[in-house]
1. Do we have residue 219 as modelled with pLDDT of 95 or more, open to solvent by 10 Å² or more (accessible area, probe 1.4 Å) and within 21 Å of the chain's Cα centre (by Cα) here?
2. Sort out which residues of region 310-334 are touching a residue at least 60 places away in the same chain (Cβ under 8 Å), farther than 13 Å from residue 262 by Cβ and open to solvent by 30 Å² or more (accessible area, probe 1.4 Å), and write them in order of number.
3. Which of the residues spanning region 280-295 are more than 6 Å from the ligand (Cβ to nearest atom) and under 14 Å from residue 173 (Cβ atoms)?
4. When you check residue 44 against the structure, is it open to solvent by 30 Å² or more (accessible area, probe 1.4 Å) and within 11 Å of the ligand (Cβ to nearest atom), yes or no?
5. Within region 48-56, is there a residue that is in a loop (DSSP other than H, G, I, E, B), among the charged types (D, E, K, R), closer than 30 Å to residue 338 by Cα and within 11 Å of the ligand (Cβ to nearest atom)?
6. Given (1) modelled with pLDDT under 95; (2) of a type outside the set (Gly, Ala, Ser); (3) away from the ligand (no atom under 16 Å from the Cβ); (4) under 24 Å from residue 85 (Cα atoms), identify the lone condition not met by residue 313.
7. Look through 173, 131 and report the one residue that is in contact with a His (Cβ under 8 Å, 6 or more places away or on another chain) and open to solvent by 20 Å² or more (accessible area, probe 1.4 Å).
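The values are calculated or read from the model by the stated rules, or taken from the named source; none is laboratory data. Because the structure is a prediction, the values reported are computed rather than measured. Positions of Cβ are backbone-derived with ideal geometry, glycine not excepted, and every protein chain shown enters the neighbour counts. Side chains are part of the model used for accessible areas, which takes the heavy atoms of the whole protein and leaves out ligands, DNA and RNA. Shrake-Rupley method; radii C 1.70, N 1.55, O 1.52, S 1.80 Å.
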Amino acid sequence: MENKILKYDFLIVGSGLIGSLLAISLIKKKHKVLVIEKEKISNKYDDQRTLAINANSRDFLESIDMWRDLKKEQKDINQIIIKTHYQENESLIFENNNETMGSVIFNKDLLAKSHKYLLKKKSLLDKTLVGLEELNKQKIIKIKNKTYNFEKVIIATGKEIQKKVNPKYFFKGSSGHRAYVGFFYHSFNHNNKAYEYFTKNGPLAALPAPYKNNTYSTFIYSTKDEISFVELKNIIKKNFYKTHGKINLSKDFFSYKISPYLFNSINVFENLIFLGDCSRSIHPVAGQGWNLGIKDIQGLNKLIETEGLSSKNFNKLFYYQRKFESSIYFFFTEIINKTYNSNSPITKFFGKASLKVLKNFNFIREVFVQQAMGKNKIFD
Ligand SMILES: Cc1cc2nc3c(=O)[nH]c(=O)nc-3n(C[C@H](O)[C@H](O)[C@H](O)COP(=O)(O)OP(=O)(O)OC[C@H]3O[C@@H](n4cnc5c(N)ncnc54)[C@H](O)[C@@H]3O)c2cc1C
């Protein structure tokens with residue numbers, strides 16, 4: 001008997017936080033969507049990282065009804081305080097009087113909730129792998145003995161893309177950092193403040209941690225050095241005892257290799273759409289990687305409305321629209337890391353000057369606040 005062809009609007013490859021949330025947003029708009037994931041999804045919930053989500057991303061989660069349960073466990077960020085190693089007694093405060101700047105949640109909570117939704121909708125197949133070349137060449141695809149015809153194929157496979165594609169299609173950053181992530185208890189209330197210290201050896205952030213009371217925080221320290229637990233404990237204590245009081249670092253900590261890049265996907269896979277970490281990866285210093293992925297999702301949904309799915313230029317338009325904002329964030333994070341971690345007198349001069357400008361000109365600081373909250377519309 002001839003195999004029936006199942007017609008779908010979208011195939012999404014990769015069920016990480018970006019692929020899954022894109023799928024939910026499309027399903028809510030009545031599109032027919034299939035998500036395939038190469039791993040077993042129950043293995044995906046051991047990620048101990050927290051996610052600093054900005055106000056725009058939180059609004060997006062609310063719009064697809066993914067925020068209601070999460071908001072019970074989240075912690076608000078009301079203020080971001082920035083300091084540098086060469087001006088230890090001066091700090092720069094970012095805040096917004098109208099709404100909280102963002103929230104902190106656990107990655108795994110959002111992922112589990114998203115997968116649950118997709119499984120209920122019978123839209124998620126795990127342990128499924130299809131090659132990118134095959135997806136780029138043909139619209140009729142065989143997956144697990146069924147034949148599908150997809151209008152659009154979206155790739156959200158995260159950083160692993162680097163292993164699959166010729167390096168000449170990537171514009172690479174220079175970080176060489178490893179990010180160390182963990183938790184600490186402290187005697188003072190964190191008062192929903194987030195801290196970013198540019199230490200001599202790399203940026204160090206502390207954020208209110210979800211679930212517990214206000215004496216539990218998470219940190220992320222990016223550095224080129226190999227760090228032991230004792231060294232990490234000393235770094236956290238030295239930098240946060242004044243703001244957080246007596247500190248007790250949790251024994252478990254995790255480290256992630258940071259390799260910033262921009263992927264010129266249009267030059268190699270013109271029939272596929274790339275978003276999230278596989279289209280670009282930026283240094284976590286600004287806590288914006290996933291937030292940019294949410295902007296990808298919003299941009300894609302907007303383009304579907306304005307252009308229609310069958311538009312010939314759809315993939316190119318999406319690529320160039322998102323490339324602009326990705327490039328700005330990519331270079332911005334590269335530059336701030338270089339400027340604030342350097343000991344050279346010239347970069348120190350520029351570092352100090354830029355902090356002075358931000359401190360003294362409210363309207364410039366307000367632009368940064370809006371940008372951090374994902375509310376600036378200049379890239380839309
Ligand atoms: C230490 C650290 C802290 C961070 N903190 C923040 C933060 O506070 N705020 C923020 O906005 N961002 C943060 N980020 C960035 C954020 O974690 C990422 O941007 C985000 O998780 C990327 O999601 P994704 O879905 O694009 O990719 P991933 O989460 O990597 O998901 C990709 C999925 O695709 C699957 N897959 C891979 N290859 C295939 C294939 N061939 N076929 C099928 N499936 C495949 C994988 O198994 C995986 O499930 C941080 C990053 C790091 C490293």
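1. Details: modelled with pLDDT of 95 or more: yes; open to solvent by 10 Å² or more (accessible area, probe 1.4 Å): no; within 21 Å of the chain's Cα centre (by Cα): yes.
Taking the combined requirement at face value, the residue does not satisfy it.
2. 310
3. Answer for region 280-295, where residues must be more than 6 Å from the ligand (Cβ to nearest atom) and under 14 Å from residue 173 (Cβ atoms): 280, 281, 282, 283, 285, 286.
4. Judged against the criteria, residue 44 is a match.
5. Yes: region 48-56 contains one or more residues that are in a loop (DSSP other than H, G, I, E, B), among the charged types (D, E, K, R), closer than 30 Å to residue 338 by Cα and within 11 Å of the ligand (Cβ to nearest atom).
6. Every listed condition holds for residue 313 apart from (4).
7. Details: 131 fails: in contact with a His (Cβ under 8 Å, 6 or more places away or on another chain).
Result: 173 is the single residue among 173, 131 that is in contact with a His (Cβ under 8 Å, 6 or more places away or on another chain) and open to solvent by 20 Å² or more (accessible area, probe 1.4 Å).
Rundown of residues vs (1) free of Cβ contacts under 8 Å to residues at least 40 places away in the same chain; (2) closer than 30 Å to residue 301 by Cβ; (3) of a type in the set (A, V, I, L, M, F, W, C), yes/no style:
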position: 228; (1), (2), (3): yes, no, no
position: 232; (1), (2), (3): no, no, yes
position: 235; (1), (2), (3): yes, no, yes
position: 250; (1), (2), (3): no, no, no
position: 254; (1), (2), (3): no, no, yes
position: 259; (1), (2), (3): no, yes, no
position: 271; (1), (2), (3): no, yes, no
position: 276; (1), (2), (3): no, yes, no
